[in-house]
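Just so it is clear, none of the values below were taken in a lab; they were calculated from the coordinates. Note that this is a predicted model, so its numbers are computed, not measured. Here the Cβ is made from the backbone with ideal geometry for all residues, glycine too, and neighbour counts use every protein chain on show.
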Amino acid sequence: MSGISTHILDTAKGEPARGVRVLLERRSLEGAWIEVSRGVTDRSGRVAELLGNGEGLQAASYRLTFATSEYFHGQECFYPEVTVQFDVADAAAHYHVPLLLSPYGYTTYRGS
């Protein structure tokens, strides 16, 4: 199944990051960013399918923006948003983009 998904783990708490707003955008041929969809992480810190609105995956540059300051409300955080840009080369593949998050850092990688 092709598509894009994400999973956020709060490494400071050692648990999934619930309720994080996520924006998915795709770069147009002209270079502008176009909103594809939005989601919110569930109890397990996941947005299982960000292309659930009928949008097909395309070979293009995509970016995910995570609203981290909202997640860390009431506590200081260094990165108010985290944006991860990545390239989709194979539109028939699935792209899973995990985010390991803490108030002062983050790590991301291509998952499975």
Assign one of three labels to region 15-76, namely rounded, prolate or oblate, based on the Cα gyration tensor with a ≥ b ≥ c the square roots of its eigenvalues; rounded applies when a/c is under 1.5, prolate when it is not and a/b is larger than b/c, and oblate otherwise. oblate
Report the chymotrypsin sites (Phe, Trp or Tyr not before Pro) located in region 1-103 that are in a DSSP loop and have at most 14 other Cβ atoms inside 10 Å of their Cβ, or state none. 78
Counting Lys and Arg as +1 and Asp and Glu as -1 over every other residue whose Cβ sits under 12 Å from the Cβ of residue 37, the net charge comes to -1
Within the chain, what's the longest stretch lacking trypsin sites (Lys or Arg not before Pro) that sit in DSSP loops with no more than 14 other Cβ atoms inside 10 Å? 44-109
Picking from 85, 75, 58, which is most flexible by a Gaussian network model of the chain using Cα springs under 10 Å? 75
Could you identify which residue out of 17, 48, 32 has the top mean-square fluctuation in a GNM of the chain using Cα springs shorter than 10 Å? 32
Quickly estimate the mean residue ellipticity at 222 nm for the chain, helices only: each DSSP H run with n ≥ 4 gives -39500 (n - 2.57), and the total goes over all residues, rounded to 500. -500 deg cm²/dmol
Net charge near residue 87, counting Lys/Arg +1 and Asp/Glu -1 over other residues with Cβ under 13 Å of its Cβ? +3
Determine, from the Cβ-Cβ distance of residue 32 and residue 91 and an R0 of 22 Å, the FRET efficiency 1/(1 + (r/R0)^6), rounded to the nearest 0.05. 0.65
